[in-house]
Amino acid sequence: ELEKSKNFSENFFGKNNPLTVCFPYGGYNLDILKTVKKFDFKLGFTTEINDAILTNRNALALPRYDTKDFPT
């Protein structure tokens, strides 16, 4: 699935477009992170609710806010 997403993105946006991934239901582990790196994804988003402070060490496991996390 990651390979298909990468190929689609490269065909649509070109090869210089940085790739991002959102982990389904926030689930990821070391094996998934290795695979994401293998396909050259640059950013990964979890379902952890928090401010994202980007560093080289956490770029593939960033927290985020969902629209449901804000009052309506």
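The values are calculated or read from the model by the stated rules, or taken from the named source; none is laboratory data. Quantities reported herein were computed from a predicted structural model and do not represent experimental measurements. For the accessible areas, the whole protein counts, side chains as well, though only heavy atoms, and no ligand, DNA or RNA atoms are used. Shrake-Rupley method; radii C 1.70, N 1.55, O 1.52, S 1.80 Å.
Might you tell me the accessible area per residue for the chain, computed with a 1.4 Å probe and given in Å²?
Using a 1.4 Å probe on heavy atoms only, each residue of the chain averages 82 Å².
Ignoring ligands, DNA and RNA, what percent of the accessible area of the chain is carbon or sulfur (1.4 Å)?
The nonpolar share, carbon plus sulfur, comes to 53 percent.
Would you work out the Kirkwood radius for segment 29-72? I mean one over the mean of 1/r across all pairs of different Cα atoms, in Å.
11.4 Å
Taking only Cα atoms, what is the 0 to 90° angle, nearest 10, from helix 2-13's long axis to the longest principal axis of the chain?
80 degrees
Defining a contact as two alpha carbons under 8 Å apart and six or more residues distant in sequence, what relative contact order in percent does the chain show?
Rounded, it is 26 percent for the chain.
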